[in-house]
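Written below as structure tokens is the structure these notes are about.
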Amino acid sequence: MVRSLLLSLLGVLALCSLSTASVEAIEECPERILGNERRRACPRKCQHDKECGSKRQCLCDGQCGLSCVAPGRTCPWPLPPGKNFDVALLSPSPSFSALLEVRCKPGYTMPNRLDATIRRCQGDRQWSGDEPVCTASTDEGLAAEPTLLPEVPCSLPDDELLSVQGSTVVGSTIHYICASGSVLVGHSDNICHENQTWQYPHPICHRVSCPPPKEVDRGHLVAVQRTEYEVGDTIYYLCKKSFLLDGPNQVTCLPNGTWSAEPACRARCPIPAQRSRVIVGGVKHWPYDLTDGLVAHGENVTFFCKHPDKLCSFTATEVCVDGQLTPPSCYLDPTWLQFKLFPHRLVSEIDACDPADLQ
């Protein structure tokens with residue numbers, strides 16, 4: 001019952017510390033006296049939000065009192081499994097003023113004889129209090145195990161884009177993660193040495209952005225005009241009438257600072273045949289039967305060519321490339337007289353050559 005009441009009171013105090021507009025929170029916040037909470041330095045002292053930077057607020061930071069802290073900054077989480085104890089996060093996220101419970105496993109207690117304690121995420125991105133030590137409980141008359149001294153953690157960087165996973169105590173390894181839209185520059189893992197220094201300098205989270213997309217000839221961009229775009233932003237492309245989009249109509253800003261594609265608007269091609277049928281889309285057509293006598297960019301057009309020695313035909317295929325479609329060298333368009341007087345002898349109407357004749 002006593003422990004439950006203690007946990008409830010600590011939870012109320014943590015919630016109060018998140019609002020400087022509350023008179024009660026200011027009155028209950030202690031003066032800047034370091035004591036019960038182990039830390040190296042306190043953030044800047046304050047009385048009002050206006051005394052802090054644009055991304056910081058004047059909040060109650062435990063034994064540091066009212067301080068300029070970034071409420072969105074997180075403490076290391078998840079923490080590695082503890083020796084003889086379990087850790088549970090009591091808040092939705094490990095951000096400033098979040099609470100976690102450290103509970104000894106059955107048969108173990110802390111030096112103060114309690115089997116649980118609450119730690120709070122401080123403005124220096126460390127969990128309040130000492131690193132927990134749970135030792136085996138002993139019956140009266142038996143010698144207790146020696147109490148281990150708590151370890152001092154290594155300090156964490158003051159970077160709002162950088163999150164940390166793991167423990168910061170001596171000998172532990174942490175893993176750095178950058179917020180979405182930024183990339184890690186430096187080592188992604190680090191080790192806390194015995195002198196409370198890190199093996200490597202802390203990495204930096206570098207924000208990534210894409211430059212304005214290139215304008216597309218014969219088309220339009222559908223996007224909000226900006227000098228730079230964030231990772232994940234999308235823009236759309238539209239082509240003018242009679243032009244075909246070559247590529248996706250939607251592109252995205254990638255984590256490497258480039259766009260996922262560079263679409264283009266391609267022109268249709270006139271078919272360079274007047275008096276001979278061609279094959280488009282697997283169907284035999286007269287060129288004038290196609291819409292405007294044009295085919296789209298990337299479309300295949302198959303022409304009929306006459307065998308140089310025999311009265312038979314074979315086919316050759318060309319592709320439309322941005323308004324250019326060149327007939328194959330073997331193709332010869334029939335004359336007007338051939339078209340009018342001998343339509344049944346047009347190259348596209350005679351029998352196909354035997355494969356052996358083409359070898």
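Starting from the Cα-Cα distance between D333 and T197, subtract it from 0.36 nm times their residue separation and give me the gain in nm to one decimal.
Details: separation 136, 0.36 × 136 = 48.96 nm, distance 8.31 nm.
Extra length from D333 to T197 when fully extended: 40.7 nm.
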> Which Cα, out of S95, V164, H285, lies furthest along the positive dipole direction of the chain (beta carbon charges, K/R +1, D/E -1)?
Replying inline: H285
> Sorting C104, C330 on the 10 Å Cβ count, fewest up front, what's the list?
Replying inline: C330, C104
> What number, in percent, do you get for the relative contact order of the range 209-267 if the mean sequence gap of Cα pairs under 8 Å and at least 6 apart is divided by its residue count?
Replying inline: 37 percent
> Nearest 0.05, what FRET efficiency do E51 and D189 give at R0 = 45 Å with Cβ-Cβ as r?
Replying inline: 0.75
> Amide H neighbours of G219 under 5 Å, counting only residues 5+ apart in sequence or on other chains, H built in-plane at 1.01 Å?
Replying inline: K240
> With Cβ to Cβ distances under 13 Å as the rule, what net charge do the other residues near I174 carry (K, R +1; D, E -1)?
Replying inline: 0
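Run the numbers for D217 and T326: contour at 0.36 nm per residue of separation, minus the present Cα-Cα distance, in nm. Could the numbers behind the result be given before it?
Numbers: separation 109, 0.36 × 109 = 39.24 nm, distance 2.30 nm.
Length difference between fully extended and current span is 36.9 nm.
Between beta-carbons, use under 15 Å as the cut-off and find the net charge around D159, counting Lys and Arg +1, Asp and Glu -1. Kindly include the intermediate steps, with their values, before the conclusion.
Details: positive: K55, R56, R73, R125, R207; negative: D124, D158, E160.
Summing Lys/Arg as +1 and Asp/Glu as -1 gives +2.
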> In which sequence would V295, V69, V283 go, from the one with the fewest C-beta neighbours within 10 Å to the one with the most?
Replying inline: V283, V295, V69
> Shape of the range 317-359 from its Cα gyration tensor (a ≥ b ≥ c, root eigenvalues): rounded if a/c is under 1.5, otherwise prolate when a/b > b/c, or oblate?
Replying inline: oblate
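Can you compute the charge dipole magnitude of the chain about its Cα centre, using +1 on each Lys and Arg Cβ and -1 on each Asp and Glu Cβ, nothing else charged? Give it in debye, rounded to the nearest 20. Mind showing how you got there, number by number?
Details: 33 positive and 41 negative charges, 163 e Å.
The dipole magnitude comes to about 780 debye.
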>> Helix 2-16 against the longest principal axis of the chain: what's the angle in degrees, Cα atoms only, rounded to the nearest 10?
In response: 60 degrees
> Among V319, V87, V133, whose mean-square fluctuation peaks in a Gaussian network model of the chain (Cα, cutoff 10 Å)?
Replying inline: V319
> Among residues other than R207 whose Cβ falls under 12 Å from its Cβ, what is the net charge (Lys/Arg +1, Asp/Glu -1)?
Replying inline: -4
>> Greater than 28 Å separation of Cα atoms is the criterion. Which listed pairs, K55/K214; K284/K340; K214/K240; K55/K105, meet it?
In response: K55/K214; K55/K105
> So for F303, F243, F342, F314, fewest C-beta neighbours within 10 Å to most, what's the order?
Replying inline: F342, F314, F243, F303
> Could you state the number of Å between the C-alpha centres of the range 329-343 and the range 47-126?
Replying inline: 88 Å
>> Between E262 and S93, what's the calculated FRET efficiency when r is the beta-carbon distance and R0 is 41 Å? Round to 0.05.
In response: 0.60
>> Could you tell me the center-to-center distance, by alpha carbons, between the range 222-282 and the range 150-207 in angstrom?
In response: 44 Å
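Bear in mind these aren't lab numbers, they're just calculated from the coordinates by the rules spelled out. Source: prediction; values computed, not measured. Counting neighbours? That spans all protein chains shown, and the Cβs are built from the backbone with ideal geometry, glycine included.
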